[in-house]
Amino acid sequence: MRTIVSVLTLLTAAACTEITAEREGTFEYRGDTLRAVTRDYSANGRTFTKRVIYDGNRSVSCSATDDLDCRGAISYERLDSND
């Protein structure tokens, strides 16, 4: 029952989230130029921004302002995909 309530809460929150702006760009990682999309979201009267970086057929979501966070996410995804 607790799982059902958690899933319903998550779906309700996701349904209320709206993308208000989107910007295309690039991200440099170890000599590779990767496609990056930065999105601004609005949910429940609050706004936040996330960046999605596309690395081949993989993508990672990371901070829009912290390049170290994005580098760590890409590194982790590359290591994880080698398993």
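The values are calculated or read from the model by the stated rules, or taken from the named source; none is laboratory data. Here the structure is a predicted model, which is why all the values come from computation and not from measurement. Note that each Cβ is placed from the backbone with ideal geometry, even for glycine, and that neighbours are counted across all protein chains shown. The accessibility values were calculated without ligands, DNA or RNA, using every heavy atom of the protein model including side chains. Shrake-Rupley method; radii C 1.70, N 1.55, O 1.52, S 1.80 Å.
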LEU68 being at pLDDT below 95 and open to solvent by 100 Å² or more (accessible area, probe 1.4 Å): no
Sole residue being at pLDDT 95 or above and either open to solvent by 70 Å² or more (accessible area, probe 1.4 Å) or touching a helix residue (DSSP H, G or I) at 6+ places or on another chain (Cβ under 8 Å) (or both), chosen from ARG2, ARG35: ARG35
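For the stretch 7-16, does any single residue satisfy the condition of being modelled with pLDDT under 95, of a type in the set (Gly, Ala, Ser), farther than 26 Å from SER81 by Cβ and surrounded by 13 or more Cβ atoms within 10 Å (Cβ to Cβ)? Walk me through how you get there before you give the answer.
Within the stretch 7-16, the subset modelled with pLDDT under 95 is 7-16.
Adding the requirement that they be of a type in the set (Gly, Ala, Ser) leaves 13-15.
Next, from what is left, pick out any that are farther than 26 Å from SER81 by Cβ: 13, 15.
Restricting the remaining residues to those that are surrounded by 13 or more Cβ atoms within 10 Å (Cβ to Cβ) gives none.
Looking through the stretch 7-16, none of the residues is modelled with pLDDT under 95, of a type in the set (Gly, Ala, Ser), farther than 26 Å from SER81 by Cβ and surrounded by 13 or more Cβ atoms within 10 Å (Cβ to Cβ).
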Pairs, first farther than 17 Å from GLU24 by Cβ and assigned to a strand (DSSP E or B) in the stretch 51-67, second open to solvent by 60 Å² or more (accessible area, probe 1.4 Å) and at pLDDT 95 or above, C-beta under 6 Å, six or more apart: SER63/ASP69
Meets criteria (modelled with pLDDT under 95, open to solvent by less than 90 Å² (accessible area, probe 1.4 Å), out of contact with any Leu (no Cβ under 7 Å at 6 or more places or on another chain) and of a type in the set (Asp, Glu)) for ASP40: no
Hits in the stretch 39-75 - residues which are among the β-branched types (Val, Ile, Thr) and touching a Phe, Trp or Tyr at 6+ places or on another chain (Cβ under 6 Å): ILE53, ILE74
Test: GLU28 is in a strand (DSSP E or B), over 23 Å from SER81 (Cα atoms) and modelled with pLDDT of 95 or more: no
